[in-house]
Amino acid sequence: MKTSEYTKGIHSETVHNPALIEGVREEYIEVEPNVRLHVTDAGSGRTIILLHGWPLSDEMYEYQYTDIIESGFRVIGITLRGFGKSDKPYGSYEYDVHVHDIQVILDKLDIKDAVLSGFSMGGAIAIRYAASNTGNRIAKLALFAAAAPSWTRRKDYPYNLPPSEVDKLIELNYSNRPQLLTDVGKIFAATETSLSTGINNWLYGIGLSASAHSMGQTLRALRNTDLRYDMSKISIPTLIMHGKKDKICSYEMAEQLHRGIHNSEVITFEHSGHALFL
């Protein structure tokens, strides 16, 4: 990749130290009374923060952790409330709730000038965080198949899913959640057979670790949230990565992000679907 505003200053000295990989630190950080989030913290160097997508957890970055650590970075994977090993309270799961949680974690860890990265729903939440004027905690933004600026169509936004399709997903979540996970798995990659049975089973297991309440509430947030105004407030260098064959977040969404975020660039994966991390 050529040097750009995004890649400038992000390079770190490459190291090959197996001890760093073995020394992964896992902890729980309390973000409000009786709500603790699971955090994976490993490596040293400039910090890269990873936010997972719906309905996964930071475990989805299992393979990325090794590469990031060996490349000389510190990596922090945050499992959002309601998912994976994090606590699963009943209550709101709007983006602003997740932004609050992320801010608490970065404050407690005293993170500065990090690269905030998010996949799918995590990308949408990363946009809301970057637009919220949160000081010097993050310096760059990376969006992987982001469910943004809006996951659903609007009168002046004819892209991706109609809200009625998300309504069906929400209904299925509360009546047959395993079937919902199976159906989503079929469109996760470029084709239904792109991922092996083992990978599909792994992702299915991570999805089952979320709560039905959090899955339903975050689907509502995905359906209802429009981040187009948020985009105009982002000035930090932003890298947008998106698969041309994405069936969950259409490629047109990446084009809209690029138009709306002034200091951004796009990397297109011509033959990839939604699962860019695999």
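Brief remarks follow.
- Every test in (1) in contact (Cβ under 8 Å) with a residue 12 or more places away in the chain; (2) closer than 23 Å to residue 245 by Cα is passed by residue 68 save one, and that test is (2).
- First in the range 169-190 and free of Cβ contacts under 8 Å to residues at least 60 places away in the same chain, second anywhere and surrounded by fewer than 18 Cβ atoms within 10 Å (Cβ to Cβ) and outside any helix (DSSP H, G or I), Cβ under 7 Å, 6 or more apart: 186/192
- Flag if residue 81 is part of a helix (DSSP H, G or I) and in contact with an Asp or Glu (Cβ under 9 Å, 6 or more places away or on another chain): no
- Residue in the range 236-258 that is more than 27 Å from residue 84 (Cβ to Cβ) and in contact with a Pro (Cβ under 7 Å, 6 or more places away or on another chain) present: yes
- Residues in the range 33-67 that are crowded, with 24+ Cβ neighbours inside 10 Å and over 15 Å from the mean Cα position of the chain (by Cα) were compared, and the one that is modelled with the highest pLDDT is 37.
- Qualifying residue in the range 68-78 (condition: surrounded by 20 or more Cβ atoms within 10 Å (Cβ to Cβ), touching a Leu at 6+ places or on another chain (Cβ under 7 Å) and on the phi > 0 side of the Ramachandran plot): no
- Single residue of the range 99-156 satisfying the filter (hydroxyl-bearing (Ser, Thr, Tyr) and closer than 19 Å to residue 277 by Cα) that is surrounded by the fewest Cβ atoms within 10 Å (Cβ to Cβ): 117
- Enumeration of residues in the range 237-271 that are closer than 14 Å to residue 120 by Cα, in contact (Cβ under 8 Å) with a residue 24 or more places away in the chain and hydroxyl-bearing (Ser, Thr, Tyr): 250
- Note on the range 81-98: among residues that are among the acidic types (Asp, Glu) and over 25 Å from residue 247 (Cα atoms), the one that is surrounded by the fewest Cβ atoms within 10 Å (Cβ to Cβ) is 96.
- The single condition among (1) under 18 Å from the mean Cα position of the chain (by Cα); (2) assigned to a helix (DSSP H, G or I); (3) among the basic types (Lys, Arg) that residue 108 does not satisfy is (1).
- Inter-residue pairs, beta-carbon under 6 Å, first within 24 Å of residue 269 (Cβ to Cβ) and in the range 126-145, second buried (at least 24 other Cβ atoms within 10 Å of the Cβ) and polar (S, T, N, Q), 6+ apart: 141/238; 142/117; 145/120
The values are calculated or read from the model by the stated rules, or taken from the named source; none is laboratory data. Just so it is clear, the model here is predicted, and its values are computed rather than measured. All Cβ positions, even for glycine, are placed from backbone atoms using ideal geometry, and neighbour counts span all protein chains on display.
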